[in-house]
Every structure is written in structure tokens, then in C-alpha cells.
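To start, the structure itself, in C-alpha cells.
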Amino acid sequence: VDGGATKLWNPFARAQKSDVMDDGQLPKFVRRATDDEKEEVKKQIEAPIAEGRVNALLAEGQRALQENRLPEARQAYREVLQLIPDDPTAHHGLAMVADLSEQWAEAEVHYRHALRSRPRDANLLCDIGYSYLLQNRYSEASSYLSQAIQIDPNHENAHTNLALLDLRQGNRE
């Protein structure tokens, strides 16, 4: 082995003048990373961590919502929005929490946010329709429930909610 071979694999070996590029900089593997390069590496490391955290929070919010633990569900969904402000699933979850708390204005705001990202989501459209049904806003409820059925003709909840809407409007058929 010649005397220079060790510097090829030894990360602590110093670069010699012959290793300096024409512009006076050291080769990329030796020179310090720029701030942009450091930021890119940081993003690559943090992305899977943030994604895992978001998925865990969404699952936690869903469980809490199903178990009618509304404060815990609200907190989990809000934490998601701190990480990803436009997350449609978190907005959908917060809208359902608001519906169950009869906070109609808040529910509508979150439904609108979710709808921007997922305008053809039959579940979302069905939930919006049901929200309007709860508020006795029958025309709007009918519109959203019908849209849900157009997208998914077999959407069981949308059909059930349309039947409930008919009953509320006095149509027993």
C-alpha cells in the first residue's frame, strides 16, 4: 500500500494541496456542508419522524372520537394541524368533534378546509350532509348526501342519512 492510500478511506486524514479543486475549495467529501445542505439533510431525517407522529396522532384522535372522548380527540387533531396545517383528515376529525359538541360554525370551518383537499371524498360529503341534517338545514344536507351517493352509489351511511332526512321532512316512504 502506498502512503497516500490511507487518506482515501480514513475520514480523519487531512487533504493535501493536490486534493484542492481549481476554485480553491476542498472536494465535497471533505469540505463543510453549506447551510442549505444541512437543512436538506435535517428535512430528510425529520420527515419520517414527523410522518410517524402525524399518523399516531390521527389514530389517537380517531380512537378518542369513537370512544366519545372529545377533548382528547380535539387535542390530537390540533397537534396534527400544528405539524401540517392543511391536513384534511385532522380538519375532518375536528369538524366531527365540533358537530358532536353542537359547535356548528366551527364544524363548518373545518369541513370547508377538508373539502378543499378532498372534494370527492364520499365519507366527508356524507358527514357534511349529516352535520347539516343535525342543524335542520335540509336543503344543504340533501345536496351533500346526494353528492356522496353519486361518488359512491353503495355508501350505506349516505343512504341511511337520506332516509333520515326524508323522515324528518315528513316523507315516511
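Table for the structure above
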item	result
With DNA, RNA and ligands ignored, accessible area of GLU102 (1.4 Å probe; Å², nearest 10)	130 Å²
Convex hull volume of segment 114-173 per residue (C-alpha atoms, cubic angstrom)	68 Å³
Spatial separation of Cα centroids for segment 57-87 and segment 95-172, in angstrom	20 Å
Mean separation of Cα contacts under 8 Å, 6 or more apart, over the residue count of segment 83-154: relative contact order %	26 percent
In Å², nearest 10: area of ARG168 left accessible to a 1.4 Å probe	100 Å²
Under the Karplus curve 6.51 cos²θ - 1.76 cosθ + 1.60, θ = phi - 60°, whole-Hz ³J(HN,Hα) for segment 55-63, x wherever Gly or Pro sits	4, 5, 5, 5, 5, 4, x, 5, 4
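The values are calculated or read from the model by the stated rules, or taken from the named source; none is laboratory data. The structure presented is a predicted model; accordingly, all values stated were derived computationally and were not measured. Heavy atoms of the whole protein, side chains included, go into the accessibility calculation; ligands, DNA and RNA do not. Shrake-Rupley method; radii C 1.70, N 1.55, O 1.52, S 1.80 Å.
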